[in-house]
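For reference, the structure discussed in these notes is given below.
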Amino acid sequence: MQPAATIVFTTYNRRNTLSQAIHAAQKQSVPVDIIVMDDASNDGTSDMMSVEFPDIEYHRSSTNQGPCYQRNQGIKLAKTNIVFPLDDDSILQSRNTVAQTLAEFDEQTAVVAIPFINILQNQKINTQAPERNNIYLTHAFVAASHAVDKEKFLSIGGYRDFFFYMGEEGDVSIRLLQNKFFVRLGTADPIYHFQPPNRISLKADVFGRQNDLLFLYCNAPAKYLIPYLLGTFIKGIFYGLKVTRLDNMLQGFYQGWQLILNHQQIRFPVDIDCFLLYRQLKKETALPFSQVKFYFQ
């Protein structure tokens, strides 16, 4: 039977949750291909895959390349046009989630932000459309729970590898918006995301601040670039003081400026209308397509 979609799991040293995620994916109501992209795990993931899932396509990098790189490679390998690039701790709790999400793609939808619950933290459903009868747009998605139109996604070059981790979703979303494609809030049965509660990560702090700068440098029109860079830097400093992790924030900003200075060719700003719409979508979080459809005509 022909697969209706491809699920790409990006993994690093989470063989147990990866196993649960694969078993859940195999129970979907529509046939799916499954691809596992292993970012150089050393916890026995490769042995687990060969024993439990010998028939699943599995690729392991010899060095750590980061989630952006691994998702790009997995999406390119997919044989279907709709791809679900999920995290290794994203469990398809309902067998209907893939089928429900497939029905939400149309000619201008490039990404569906699938509803999800951080199940170890609370019962709140995130990235869910307010109601089912209208299309709602949002500024970005969460990588742990989304599906992409492969053709549209690759038409903009996919994830930019230098983002590596954190903030890459917004960068993809604004570039899709520049090409008159959008991110749609989904209505499917939610995915369970097993993100630990109260997670504090040096990696998230550093790459988060680095990529805040990179996002603006790459995408902001000239008239907005300096004011937004300064505003982002000031907010980052105040946040670092608030959470008593200022050193992490400063390290991230330093790395961001180093990348900007050494790779000035990465700047390809979107036009002003696109940038302002992105900012509006970010402020509103859920905006009916009918209110902004003029932009896509």
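The values are calculated or read from the model by the stated rules, or taken from the named source; none is laboratory data. In this text the structure is predicted, and so the values were computed from the model without any measurement. No Cβ is skipped: glycine too gets one built from the backbone with ideal geometry, and neighbour counts run over all protein chains shown.
Table: residues versus (1) of a type outside the set (D, E); (2) part of a helix (DSSP H, G or I); (3) under 24 Å from N126 (Cα atoms).
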site	(1), (2), (3)
Y165	yes, no, yes
S173	yes, yes, yes
D189	no, no, yes
A204	yes, yes, yes
D212	no, yes, yes
F215	yes, yes, yes
Y224	yes, yes, no
I237	yes, yes, no
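Do we have any residue at all in region 275-282 that's out of contact with any strand residue (DSSP E or B) (no Cβ under 6 Å at 6 or more places or on another chain) and loosely packed, with under 14 Cβ neighbours inside 10 Å?
Within region 275-282, not a single residue is out of contact with any strand residue (DSSP E or B) (no Cβ under 6 Å at 6 or more places or on another chain) and loosely packed, with under 14 Cβ neighbours inside 10 Å.
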Item to check | The lone exception for N81 - which of (1) more than 27 Å from K203 (Cβ to Cβ); (2) at pLDDT below 95 it fails | outcome: (2)
Item to check | Subset of region 252-297 (residues that are in a loop (DSSP other than H, G, I, E, B) and free of Cβ contacts under 8 Å to residues at least 12 places away in the same chain) | outcome: Q297
Checklist entry - Do we find a residue being out of contact with any Pro (no Cβ under 9 Å at 6 or more places or on another chain) and either in a helix (DSSP H, G or I) or more than 25 Å from F289 (Cβ to Cβ) (or both) anywhere in region 125-145? => result no
Checklist entry - If we only count strands (runs of 3 or more DSSP E) wholly inside region 7-107, which ones have 3 or more residues that are over 20 Å from the mean Cα position of the chain (by Cα) and assigned by TED's automatic domain parsing to the domain that holds E168? => result 57-60
